[in-house]
Amino acid sequence: MNQSMPIEPVRKPTPMLSQTTTSDAKNYDEDLKMIQDKQKEFDGILKTLVTRMETLGATVTSLDSTVVQLNNKIDQQQQYLEQMIDGRIHAFEQNIEMLQDELNNWMNLDLNIFFSLKMMNKIAYSYIDEHLISPSLICPICLEVLEDPHTHTPCDSAFCRSCLLQLSEPFCPICRWTWDDTIPLQYNIHLPKANRLIRNMLDDLLVQCIYCHTVRRRGQFEHECQSAEERLVRNDIQIIPRKTLGHFQMILYILGTVIFLLCIYYYQKYIFEKVIDHRNEIIKDIGYNIDYFLLENIYYLIRKIVEYSMTIFIMSICFWFSIIFFGDRFTSRKNSRILKTLLETSIIINLIAYSVSN
Ligand SMILES: [Zn+2]
Ligand SMILES: [Zn+2]
Ligand SMILES: [Zn+2]
């Protein structure tokens, strides 16, 4: 529609052409030509305008498409970010779960160690004449001799405290009566400690230590026959082996003593040199007189003191090594006291002998 509109004014002047003069006609022709040229020019401009419009439209559509693309990209990014954050949160949650599992495992391990230690204490003795033990002292749950017995008052039967605590349901295995397991055992009036007679009978049972084989009454079984450390090693619970620790300690001791000896050697040398220098200075100043004699004596005394301290030091090193190699078998309190008095008397005798000889 817009393209056909400008052509109409060109047709209008044609009916008036016959009535005009030749010059007018010529002018008219020129005008017409000019108008036609203008028309063409205008058409050209219009065309370029149209093409411009088209290109503009195209760019607008392309812009639209880019906007859509950008929107898509933004959406994608958002989705990606959301997924990533979700993934991170999920991973974090998984980590927390893993940590919790680990913690639970550790707790269980600790409990296991605790229970195994308890079990170790429990099986640290065996009963003498087990077949003669009265059936009334046997726990109906574990079928072993009662440990820390509690009585179920409705049926008057005794169970180990640990067996009662390990029951999955709060049912008495003898009379099937139930109790409130939310109350701690020591406050449950239906499950008091077994009466004194039963406990005394249990305490009077003869047991034998499985390590040192001494026979005692169960009530007085507690004794120190073997270090807990060795028992732990026997039960394969990992601790640092004693042997490697011993070697490491020995190397450290030897290094320490070598350094100490070197220090003493150099210190002694330094002191002696200083004393000798000082003496030489005095001799230079005063000449040979009574000071020289005194200085000689002081020098001798210092040497003696150093010698004594060295002997004491060497003896203590010997003690050290004897302890390292033989344990503390030779270093009881009595032995060390005797050795100390021996050393002291020897020093005193030496000093007296020295003073008398002068
Ligand atoms: Zn019962
Ligand atoms: Zn039991
Ligand atoms: Zn023992």
### Task
Can you figure out the FRET efficiency of I128 with K193, using R₀ = 25 Å and their beta-carbon distance, to the nearest 0.05?
0.50
### Query
Carbon and sulfur: what percent of segment 123-234's accessible surface (1.4 Å probe)?
53 percent
### Query
With every protein chain present, what accessible area does S157 have (1.4 Å probe, heavy atoms only), rounded to the nearest 10 Å²?
20 Å²
### Query
How high is the FRET efficiency between D101 and M315 when r is their beta carbon distance and R₀ equals 41 Å, given to the nearest 0.05?
0.10
### Query
If the cut-off is a Cα-Cα distance under 18 Å, which aspartates and glutamates reach K38, setting aside same-chain residues fewer than 8 apart in sequence?
E8, D29, E30
### Sites T22 and N72, calculated FRET efficiency, Cβ-Cβ separation with R0 51 Å, nearest 0.05
0.10
### Task
Kindly identify segment 123-234 as rounded, prolate or oblate by the Cα gyration tensor criterion: order the square roots of the eigenvalues as a ≥ b ≥ c, call it rounded if a/c is under 1.5, otherwise compare a/b with b/c, prolate if a/b is larger, else oblate.
prolate
### Message
If I stretch the segment between C175 and M250 completely, what's the gain in nm (0.36 nm per residue apart, minus their alpha carbon distance), one decimal?
### Response
20.6 nm
### Residue-by-residue Karplus 3J(HN,Hα) for segment 50-59, coefficients 6.51, -1.76, 1.60, Hz, glycine and proline x
4, 4, 4, 4, 4, 4, 4, x, 4, 4
### Message
With θ taken as phi - 60° and the coefficients 6.51, -1.76 and 1.60, list the Karplus ³J(HN,Hα) couplings across segment 259-266 in order, rounded to whole Hz; mark glycine and proline as x.
### Response
4, 4, 4, 4, 4, 4, 4, 5
### Task
Round to a whole angstrom and tell me the spacing of the C-alpha centers of segment 64-82 and segment 32-57.
41 Å
### Task
Starting from the amide H of E144, placed 1.01 Å from N in the peptide plane, find each other amide H under 5 Å away whose residue is 5 or more places distant or on another chain.
C139
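The values are calculated or read from the model by the stated rules, or taken from the named source; none is laboratory data. Remember, it's a predicted structure, so these values are computed and weren't measured experimentally. Note: ideal-geometry Cβ built from the backbone for every residue, glycine included; neighbour counts use all protein chains shown. With ligands, DNA and RNA removed, areas are computed over all heavy atoms of the protein, side chains included. Shrake-Rupley method; radii C 1.70, N 1.55, O 1.52, S 1.80 Å.
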